[in-house]
Amino acid sequence: MKKFLTSLFIISFSTNAFSITNTEINKLCQKERNKFLCVKRLKVNRLKLKEGNFIEIPVIPYRR
């Protein structure tokens with residue numbers, strides 16, 4: 001029973017696409033210096049993810 005519930009949980013979340021909407025992209029890029037390039041970059045990344053391609057996510061190391 002526990003395995004069934006776990007597999008049902010995983011399947012239900014794997015079918016949902018958590019893509020970002022255009023309004024969310026605009027909200028994220030409001031504070032950027034070059035808003036046009038920010039919007040373009042995020043839309044291209046969204047398109048690549050929908051097609052199944054990999055995208056690069058920059059990681060900024062945390063320094064104390």
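Summary of values
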item: Of all residues making up the range 21-36, the number that are part of a loop (DSSP other than H, G, I, E, B) and surrounded by 11 or more Cβ atoms within 10 Å (Cβ to Cβ); result: 2
item: Single condition Cys29 does not satisfy, out of (1) modelled with pLDDT under 85; (2) in contact with a Cys (Cβ under 8 Å, 6 or more places away or on another chain); result: (1)
item: Residues located in the range 41-62, provided they are polar (S, T, N, Q) and either under 23 Å from Asn26 (Cβ atoms) or outside any loop (DSSP other than H, G, I, E, B) (or both); result: Asn45
item: Residue tally, condition without any contact (Cβ under 8 Å) to a residue 24 or more places away in the chain and either β-branched (Val, Ile, Thr) or surrounded by 10 or more Cβ atoms within 10 Å (Cβ to Cβ) (or both), over the range 37-58; result: 13
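The values are calculated or read from the model by the stated rules, or taken from the named source; none is laboratory data. All values reported here derive from a predicted model rather than from experimental measurement. Ideal geometry is used to build each Cβ from the backbone, glycine not excepted, and the neighbour counts take in all protein chains shown.
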